[in-house]
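S.K.: Got a structure here, written out as structure tokens. Questions coming.
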Amino acid sequence: MLFKDVIGQQAIKDHLIRTVKENKVSHAYLLTGNEGAGGLAIAMAFARYLNCLNPGEHDSCCTCNSCNKAAKMIHPDIHFVYPVVKKGSSTPVSDDFLSDYRKFTLTNPYFSALQWFSQIGDDKKSGAIYSEESQSIIRKLSLKNFEGKYKVMIIWLPEKMNDAGANKLLKILEEPPLNTVFMLVSENPGALLGTIVSRTQQIAIPPIETAIITEELVRRFSITTDNANALARLSLGNYVKALENFDTSGDKSGFMDMFMQLMRATYSRKIFDIFAWAEAVAPLSRDRLKNFLVYSIGMLRDSFLYNYHQQELVFLNEKEDAFVSKFSPFITYDNIMKMVEELELAYAHIDQNGNAKIVMFDMAVKMVGFFKK
Ligand SMILES: [Zn+2]
């Protein structure tokens with residue numbers, strides 16, 4: 001990861017580079033920001049810059065031995081700690097999942113905790129940094145520096161540490177080994193021990209600017225600026241969300257038909273059509289059903305805005321626009337919230353492995369009652 005590959009966040013990159021030039025590198029940084037703002041990417045770029053043998057004005061050199069190893073995440077002085085999931089009876093540490101983490105992060109360092117957990121376990125579990133990890137951290141820090149100038153410990157989501165682990169980490173931060181830099185990348189710093197926070201230099205990472213996400217999406221996927229801008233605006237500065245929405249929009253035509261059929265069947269109160277619809281969509285994967293429910297919430301919100309003449313806030317393709325312009329009068333202050341709640345409830349039930357046919361049928365039947373006749 002180079003600084004140039006970090007999306008936006010120029011002020012933060014400049015600040016970090018300046019600390020190196022002015023010899024003011026802190027022994028512990030706490031990067032705080034929402035999902036998709038790029039905290040992990042920044043930490044990785046900085047770890048590489050700290051150890052680069054010929055660091056440039058704005059970035060690592062890209063060619064030295066240290067850069068080569070950092071680029072593959074195999075630098076012996078750059079360590080990674082991240083939440084993991086229990087599989088058997090033994091308690092795992094980050095290193096048990098290192099090859100997965102490398103693959104995942106090298107492909108794209110913008111990912112959510114949920115995406116990571118589903119990569120290494122199943123969707124149900126939420127990972128943790130177990131207290132056993134502290135031993136591993138201490139062991140790594142007690143080794144002499146192999147070849148780097150700094151030993152860097154990048155801890156992604158330190159808020160996932162339990163109390164015992166956090167207290168051990170605190171001890172290390174209180175007496176940091178020489179030439180060691182901790183980079184804590186947190187999405188929820190409120191959940192950290194206050195004593196840990198006070199030992200770090202805090203850097204707040206703001207959401208990425210819409211224009212910059214737009215530019216990145218256009219560059220990466222060669223989509224139109226209008227499409228990219230819509231995705232960027234909906235993402236609210238969260239690049240993970242922008243990518244997710246981009247994936248979903250790839251299959252939007254299918255969703256559009258599913259949504260139109262659902263609305264027609266429920267509006268016209270045809271119970272057999274509703275049943276047939278539920279039967280037809282039930283075999284889809286849970287992820288696809290969840291994406292469809294999110295899409296439907298978006299369509300209802302767009303219809304509502306459309307109805308109240310806020311068209312400039314609505315981003316739709318031609319076919320969607322044609323449908324929404326006719327459908328929108330039926331989405332009002334009276335029913336929008338109830339409908340959205342019903343879709344969110346269906347989402348939660350699908351997520352909890354509810355029977356898809358029953359969940360989708362129940363949701364559709366409830367919709368019937370929300371349309372005024
Ligand atoms: Zn280099």
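Since every read-out is calculated from the coordinates, none of them should be taken as a lab result. The shown structure was predicted, so the numbers you read here are calculated from the model rather than taken from an experiment. Methodologically, a virtual Cβ is constructed for each residue, glycine included, from the backbone with ideal geometry; neighbour enumeration extends over all protein chains shown.
S.K.: Using only the alpha-carbon atoms, how far is helix 286-307 inclined from the longest principal axis of the chain? Give it as 0 to 90 degrees, nearest 10.
M.R.: 70
S.K.: Right, next: Nearest 20 debye, what's the magnitude of the dipole of region 3-206 about its Cα centre given +1 on Lys and Arg Cβ and -1 on Asp and Glu Cβ?
M.R.: Computed charge dipole of region 3-206: roughly 380 debye.
S.K.: I'd like the FRET efficiency for Asn162 and Glu344, computed as 1/(1 + (r/R0)^6) with the beta carbon distance as r and R0 of 41 Å, rounded to 0.05.
M.R.: Numbers: r = 31 Å, r/R0 = 0.74.
Efficiency, rounded to the nearest 0.05: 0.85.
S.K.: Tell me, in nm to one decimal, what length is gained between Glu209 and Asn68 on full extension, where the rule is 0.36 nm per residue of separation less the Cα-Cα distance? Provide the component values of the computation, followed by the final result.
M.R.: On the way: separation 141, 0.36 × 141 = 50.76 nm, distance 3.07 nm.
Value of the extension gain: 47.7 nm.
S.K.: Can you tell me the orientation of helix 336-351 relative to the chain, as the angle in degrees between its alpha-carbon axis and the longest Cα principal axis, to the nearest 10?
M.R.: 60
S.K.: Moving on to the next point. For the chain, modelled as a GNM with alpha-carbon contacts under 10 angstrom, which of Gly38, Gly298, Gly88 fluctuates the most?
M.R.: Gly88
S.K.: Among Pro83, Pro283, Pro177, whose mean-square fluctuation peaks in a Gaussian network model of the chain (Cα, cutoff 10 Å)?
M.R.: Pro283
S.K.: Next question, about the same structure. Given the options Phe182, Phe292, Phe323, state which has the largest fluctuation in a GNM of the chain using a 10 Å cut-off (strictly under) for Cα springs.
M.R.: Answer for the Gaussian network model of the chain: Phe323.
S.K.: Using a 7 Å offset from the Cα along the Cα-to-Cβ direction at both Arg219 and Arg233, what is the distance between the two label points in nm, to one decimal?
M.R.: Label at Arg219, label at Arg233, 2.3 nm between them.
S.K.: Hey, can you grab everything whose amide H is under 5 Å from the amide H of Val181? Only 5+ residues off in sequence or another chain; H modelled, so Pro and N-termini drop out.
M.R.: Lys151, Val152, Met153
S.K.: Another question about this same structure. Between Gln10 and Phe275, what is the FRET efficiency for a Förster distance of 45 Å, r being their Cβ-Cβ separation, to the nearest 0.05?
M.R.: My answer for the efficiency is 0.25.
S.K.: What's the extension gain from Val368 to Glu174 if we count 0.36 nm per residue and subtract their Cα-Cα distance?
M.R.: Fully extending the segment from Val368 to Glu174 adds 63.7 nm.
S.K.: By the gyration tensor of its Cα atoms, with a ≥ b ≥ c the square roots of the eigenvalues, what is the shape of the chain: rounded for a/c under 1.5, prolate for a/b over b/c, or oblate?
M.R.: prolate
S.K.: Any chance you could run the full-extension gain for Asn188 through Asp334? It's 0.36 nm times the residue separation minus the Cα-Cα distance, nm to one decimal.
M.R.: Taking Asn188 through Asp334 to full extension adds about 49.0 nm, to one decimal.
S.K.: For n ≥ 4 DSSP H runs only, could you compute -39500 (n - 2.57) per run for the chain, divide by its residues and tell me the 222 nm figure to the nearest 500?
M.R.: -17000 deg cm²/dmol
S.K.: Then there's this: Along Cα→Cβ, 7 Å out, is where each label goes; now give me the distance between the ones at Asn108 and Ser89 in nm to one decimal.
M.R.: Computed distance between label sites Asn108 and Ser89 equals 3.9 nm.
S.K.: In addition: Can you classify region 3-206 as rounded, prolate or oblate using the Cα gyration tensor, where a ≥ b ≥ c are the square roots of its eigenvalues, rounded means a/c under 1.5, and otherwise it's prolate if a/b beats b/c and oblate if not?
M.R.: Rounded, because the longest to shortest axis ratio a/c is under 1.5.
S.K.: Now, a different point. Please report how far the C-alpha centroid of region 107-180 lies from that of region 29-101, rounded to the nearest whole angstrom.
M.R.: With region 107-180 and region 29-101 each reduced to a Cα centre, they are spaced 11 Å.
S.K.: Something else about it: How many angstrom lie between the C-alpha centres of region 203-224 and region 283-308?
M.R.: Spelled out, the Cα-based centre of one part sits 24 Å from the other.
S.K.: What angle, in degrees between 0 and 90 and rounded to the nearest 10, separates the Cα long axis of helix 39-51 from the longest principal axis of the Cα atoms of the chain?
M.R.: Taking Cα atoms only, the helix is inclined about 20 degrees.
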